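Please read the structure below before turning to the comments.
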Amino acid sequence: MGSKKLKKISLYTVIMLGAFFLYVLTNQFGYTARPGLIGPDFWPKAILVLAIVTCVYEMVKILFFSEISGKPAKRASARDEKGLDTGKSYNGLLLTGMAMTVAYVFLVGIIGFVFCTLMYLAAFMYLGRYRKLGVIALSSMIGTLVLALIFLKIVYVSLPMGREPFSTATFFILKFLGIK
């Protein structure tokens, strides 16, 4: 086994061991189980198991199915409508997307999950150079509602409702939809 394969596998091994350690810690959650409901340890355990499985998959792929050469990986670049490489790079869009994500984390407590997610999804699609505003609006609304349903009804996570007047509007929307 080459040193490059060993280096890549060691990274996945460290991540896998960290995930396993955190999984063991989830067994120490103190809670009173309620019949018919999943406990607070379910989702962290599920995510950690997926991380461990992903690491094992990647290690097997590296060991048995990959050729690691000394050549650097080719960077992804933009393509025109015919699929030809245009040579353009969109680092500004990447940085803007990262800034939007940081802003989302900051604003979600102020304007609430529903409004913040709606605006984030719409802005991200527009930033990604999609320009059909009707589709952006509909996709953002559907995406926000699906995420709210998943978090509130399946995962049982309390979502930030925001400060006034956003919290009143959020409660009204969720009540209208029968979510809360």
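The values are calculated or read from the model by the stated rules, or taken from the named source; none is laboratory data. Bear in mind that the values here come from a model prediction, so they are computed numbers and not experimental data. Here Cβ is always computed from backbone atoms with ideal geometry, including for glycine, and neighbour counts include all displayed protein chains. Please note that ligands, DNA and RNA were not included when accessible areas were found on the heavy atoms of the full protein model with its side chains. Shrake-Rupley method; radii C 1.70, N 1.55, O 1.52, S 1.80 Å.
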Region 105-123, residues that are under 23 Å from ILE179 (Cβ atoms) and open to solvent by 50 Å² or more (accessible area, probe 1.4 Å): VAL105, LEU107, PHE115, LEU118, MET119, TYR120
Looking only at region 141-180, and only at residues there that are open to solvent by less than 40 Å² (accessible area, probe 1.4 Å) and assigned to a loop (DSSP other than H, G, I, E, B), the one that is nearest to PHE42 (Cα to Cα): VAL155
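So that you can scan it fast, the table gives a plain yes or no per residue for (1) farther than 30 Å from LEU17 by Cα; (2) modelled with pLDDT under 95; (3) part of a helix (DSSP H, G or I):
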residue: VAL60; (1), (2), (3): no, yes, yes
residue: LEU63; (1), (2), (3): no, yes, yes
residue: SER69; (1), (2), (3): no, yes, no
residue: GLY92; (1), (2), (3): yes, yes, yes
residue: PHE106; (1), (2), (3): yes, yes, yes
residue: ILE110; (1), (2), (3): yes, yes, yes
residue: ILE136; (1), (2), (3): yes, no, yes
residue: SER139; (1), (2), (3): yes, no, yes
Count of region 34-44 residues which are surrounded by 10 or more Cβ atoms within 10 Å (Cβ to Cβ) and out of contact with any Leu (no Cβ under 9 Å at 6 or more places or on another chain): 6
